[in-house]
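Each reported figure results from applying straightforward, stated rules to the coordinates on display, with no laboratory input. These figures come from a predicted structure and were not determined experimentally. Cβ atoms come from the backbone with ideal geometry, glycine included; neighbour counts cover every protein chain shown.
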Amino acid sequence: MEDLNNQDRVFESAAQLFALLATPMRLKIISAVCEKEKNVSELLALIDTTQPNMSQHLATLHRRGVLSRRREGAQIYYKLRSERVATLCRAVCTQVAIEMDTEEEIDNADRLTLIDQS
């Protein structure tokens with residue numbers, strides 16, 4: 001019974017992480033700060049969104065521990081707190097891109113991408 005509770009906690013934690021990352025804007029932010037920290041202006045130059053929307057997503061990612069931030073004068077710089085999050089996002093996004101670009105048939109059971117059933 002103890003193993004089931006531990007397994008349940010693992011699945012719950014993973015589901016919470018996937019829910020946090022389930023927004024394209026947040027994946028774009030994580031991708032943008034993978035290599036080095038960036039301030040809000042730099043992020044807005046890379047990602048097409050409004051400043052309030054960007055700030056909301058940055059605050060959520062910071063509050064949940066994905067990003068750290070530091071102030072330098074009037075600027076706030078954001079960077080990833082964990083390379084593991086970047087690794088997870090990179091792995092999933094790379095696999096999805098491969099599936100979208102490939103001409104080979106991939107069995108539906110092996111796909112990560114959703115197939116339009118219409």
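Rounded to the nearest Hz, the phi-derived 3J(HN,Hα) couplings of segment 19-26 under the Karplus curve 6.51 cos²θ - 1.76 cosθ + 1.60 (θ = phi - 60°) are 5, 4, 8, 7, 10, x, 4, 5, where x marks glycine and proline.
A DSSP coil position with no more than 11 other Cβ atoms inside 10 Å describes the following GluC sites (Glu not before Pro) in segment 1-77: Glu35.
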